[in-house]
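Coordinate-derived values only; no laboratory data. None of the values given here were measured: they were computed from a predicted structure. Methodologically, a virtual Cβ is constructed for each residue, glycine included, from the backbone with ideal geometry; neighbour enumeration extends over all protein chains shown.
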Amino acid sequence: MNILNKGIVATGAVLLTLGLWGCDRSGEYGSTPSTAQSRSADSPAATTSADSGTSASAAASKAESAMDDSVVTGKVKTALLKEPDVKSNDIHVETNGGIVQLSGFVKSQTQVDKAESVTKSIEGVKSVENKLSVKE
């Protein structure tokens with residue numbers, strides 16, 4: 001049984017080493033980071049690499065924007081919940097690119113106006129689309 005445990009540990013160590021070695025690869029077979037960088041900007045590999053960088057940058061920017069939007073949404077919801085003049089249980093808040101959309105039902109036009117003013121006061125809000133309706 002002791003030999004079996006040693007074999008498992010040895011196999012795990014080999015797999016871990018190969019996995020770490022693979023993480024250090026540049027993505028091209030047979031090239032090192034220095035040879036990949038020395039390629040001309042006109043080569044297909046360099047263009048693909050540049051395109052990948054741009055795509056990754058755009059994806060990161062989109063993810064950051066989505067995260068910022070969810071933070072803004074959370075701040076707006078919190079502020080509306082704290083506001084005694086607004087019954088926010090029926091208010092839906094959605095944010096896209098800093099533009100906050102309020103929708104749902106409230107009991108008076110005063111609450112519609114107050115919800116909009118509270119929302120506009122939140123950091124990160126660029127504009128407010130107020131689609132709240134008064135429930136009669």
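For region 62-134, the relative contact order is 32 percent, taking Cα pairs closer than 8 Å that sit 6 or more residues apart in sequence and dividing their mean separation by the residue count. In sequence order, region 89-94 has phi-based couplings of 4, 9, 9, 9, 10, 9 Hz under the Karplus curve 6.51 cos²θ - 1.76 cosθ + 1.60, θ = phi - 60°, and Gly or Pro positions carry x. Close amide H pairs (under 5 Å, H built 1.01 Å from N) link residue 108 with 135, residues at least 5 positions away or on another chain. Modelled spin-label separation between residue 135 and residue 85, with each label point placed 7 Å from Cα along the Cα-to-Cβ direction: 2.1 nm.
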